[in-house]
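One structure is given below, encoded as structure tokens.
The values are calculated or read from the model by the stated rules, or taken from the named source; none is laboratory data. What you are looking at is a predicted structure, and each value in this text was computed from that prediction instead of being measured. Virtual Cβ from ideal backbone geometry, glycine too; neighbours counted across all protein chains shown.
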Amino acid sequence: MKTFPIVRFSEVLRRVDRFEPRNDLIDYQFAGTYSFARGIFRGGRKLGSTFSLPKIQRIRSEDFVYCKIMAWEGAFGVVPPDCDNCVMSGAFVVYEIDRLQVDPRYLNYFFKVPAHWQTIGRQSTGTNVRRRSLHPNQLEAAMFPLPPLSEQQRIVAKIDKLVARIREACILCQQTTHETDALMASKLKAVITECGNKVRYVPFSEIAKLERRPVPVAIDQQYQEIGVYSFGKGIFHKPPRTGAEVGDKDLYEIRASDLILQITFAWEGAVALAGPKDDQLYGSVRYLTFRVNEEICSPRYLLAYLRTAEAINQLGKISPGSAGRNRVLSVKRLSEVIVPVVPREFQKWLTDELNSKIESVMLQKSETATELNALLASILDKAFKGEL
């Protein structure tokens with residue numbers, strides 16, 4: 001890529017102003033940006049009278065968009081066709097791409113390389129770590145390699161072909177996951193039916209108690225945080241960071257056997273059970289840790305139930321929010337989640353059988369996902385080094 005011209009983003013992006021006053025009577029379709037350069041998503045619909053933004057802005061297909069306060073976490077992307085004419089708040093900056101110079105797909109892939117969005121995102125300024133902001137002038141002054149349009153299109157076509165193969169593998173992996181979820185739900189339903197009047201219907205608040213363990217953050221220490229996948233898909237570990245990198249974010253200790261609920265995605269099934277490998281790692285304020293009363297039920301049984309569509313639906317009802325995916329679990333209303341508790345011998349049989357199958361599938365999926373992510377990273381790295 002060293003042979004290609006290096007240009008400023010200001011040469012190929014034009015900042016646009018499509019703001020309009022909020023109308024209380026209009027039903028607006030919102031959009032948002034995923035972190036880690038995973039693109040733009042179509043969010044929820046909100047009546048103008050139900051949110052407080054004084055004005056909103058329109059986005060168009062193939063616009064380039066980023067979130068000012070989340071740029072440091074990779075909130076960049078090119079608008080897909082299904083988000084055309086959606087709206088966003090003023091926290092987002094919108095640009096039209098000069099298509100005579102840049103193929104929007106090329107720009108989209110460029111920002112999927114972690115080193116690229118991190119280099120730009122880390123210019124964000126501010127005292128509060130999670131409220132750092134990237135000014136449009138900083139983005140526009142950043143440089144990137146710009147091959148001729150025909151070469152961009154060749155690179156994109158090559159990446160598209162390889163990504164299609166990766167997606168095929170992901171679909172097969174996802175089908176296995178859906179089959180496992182269906183098995184879990186049917187087994188649990190069968191056990192509840194078989195137990196009949198022996199089933200107890202217990203509020204969540206009687207089964208699990210919130211237990212928080214705040215940790216003072218030292219600048220010269222390292223902290224490894226956990227994350228929780230949606231739809232009950234388990235825990236993942238984030239790269240270790242120093243206390244200086246953590247900044248003023250609050251951290252809480254995780255212990256083995258904690259039941260963990262991620263409050264902003266509980267409605268999407270972001271629930272997990274901490275294992276030995278997660279012991280003494282850390283979670284942000286978004287990760288609530290509960291200790292399960294094992295006199296009532298086992299932690300594995302409670303997790304098995306919370307992974308079902310019925311339970312996820314209950315969590316959704318107590319996770320109010322505004323636009324899109326911005327929905328936060330109401331801890332006070334957790335008591336409304338009712339858990340059908342079967343006798344202990346049935347709990348053990350059910351969890352032993354289900355967890356052995358689930359853990360096997362999750363391990364296989366995790367290994368596959370790691371391999372696919374590494375392959376995609378390699379493809380993108382080669383593409384922007386001119387090696388494809």
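Quick notes on this one:
- Listed by first and then second residue, the pairs with beta-carbon distance under 7 Å, at least 6 apart or on different chains, first residue in the range 197-214 and free of Cβ contacts under 8 Å to residues at least 60 places away in the same chain, second in a loop (DSSP other than H, G, I, E, B), are Pro214/Asp250.
- Here Leu329 clears all of (1) among the hydrophobic types (A, V, I, L, M, F, W, C); (2) closer than 22 Å to Pro203 by Cα; (3) at pLDDT below 90 except the condition numbered (3).
- Selection count, the range 1-52, where residues are more than 26 Å from Leu380 (Cα to Cα), polar (S, T, N, Q) and exposed (fewer than 15 other Cβ atoms within 10 Å of the Cβ): 4
- Among the conditions (1) of a type in the set (A, V, I, L, M); (2) over 30 Å from Ala304 (Cβ atoms); (3) loosely packed, with under 14 Cβ neighbours inside 10 Å, the only one that Leu210 does not satisfy is (2).
- Val65 being without any contact (Cβ under 8 Å) to a residue 60 or more places away in the chain, in contact with a Pro (Cβ under 7 Å, 6 or more places away or on another chain), assigned by TED's automatic domain parsing to the domain that holds Phe51 and β-branched (Val, Ile, Thr): no
- Ala244, sole failed condition from (1) under 28 Å from Thr125 (Cβ atoms); (2) part of a strand (DSSP E or B): (2)
- On the stretch given as the range 220-235, residues that are aromatic (Phe, Trp, Tyr) and free of Cβ contacts under 8 Å to residues at least 60 places away in the same chain total 2.
- Flag if Leu281 is closer than 24 Å to Pro340 by Cβ and among the aliphatic types (A, V, I, L, M): no
- In this entry, Ala256 is excluded by the filter for residues that are touching a residue at least 24 places away in the same chain (Cβ under 8 Å) and of a type in the set (Gly, Ala, Ser).
- Across the range 258-273, the qualifying residues are those that are at pLDDT below 95 and in a loop (DSSP other than H, G, I, E, B), and the one among them that is nearest to Arg333 (Cα to Cα) is Ile263.
- When the range 281-319 is limited to residues that are surrounded by fewer than 21 Cβ atoms within 10 Å (Cβ to Cβ) and charged (D, E, K, R), the one that is farthest from Phe265 (Cα to Cα) turns out to be Glu295.
- Long-range neighbours under 9 Å by Cβ, at least six apart or interchain, first residue in contact (Cβ under 8 Å) with a residue 40 or more places away in the chain and in a loop (DSSP other than H, G, I, E, B) within the range 284-299, second surrounded by fewer than 18 Cβ atoms within 10 Å (Cβ to Cβ) and hydrophobic (A, V, I, L, M, F, W, C): Ile296/Val202; Cys297/Val202
- Filtering the range 1-30 to residues that are among the aliphatic types (A, V, I, L, M) and either touching a strand residue (DSSP E or B) at 6+ places or on another chain (Cβ under 6 Å) or not in a loop (DSSP other than H, G, I, E, B) (or both) leaves Met1, Ile6, Val7, Leu13, Val16.
- Members of the range 216-233 that are exposed (fewer than 14 other Cβ atoms within 10 Å of the Cβ) and either at pLDDT 90 or above or of a type in the set (Gly, Ala, Ser) (or both): Pro216, Ala218
- Hits in the range 31-86 - residues which are under 18 Å from the mean Cα position of the chain (by Cα), assigned to a strand (DSSP E or B), under 23 Å from Gln138 (Cα atoms) and not aliphatic (A, V, I, L, M): Gly32, Thr33, Tyr66, Cys67, Phe76, Gly77
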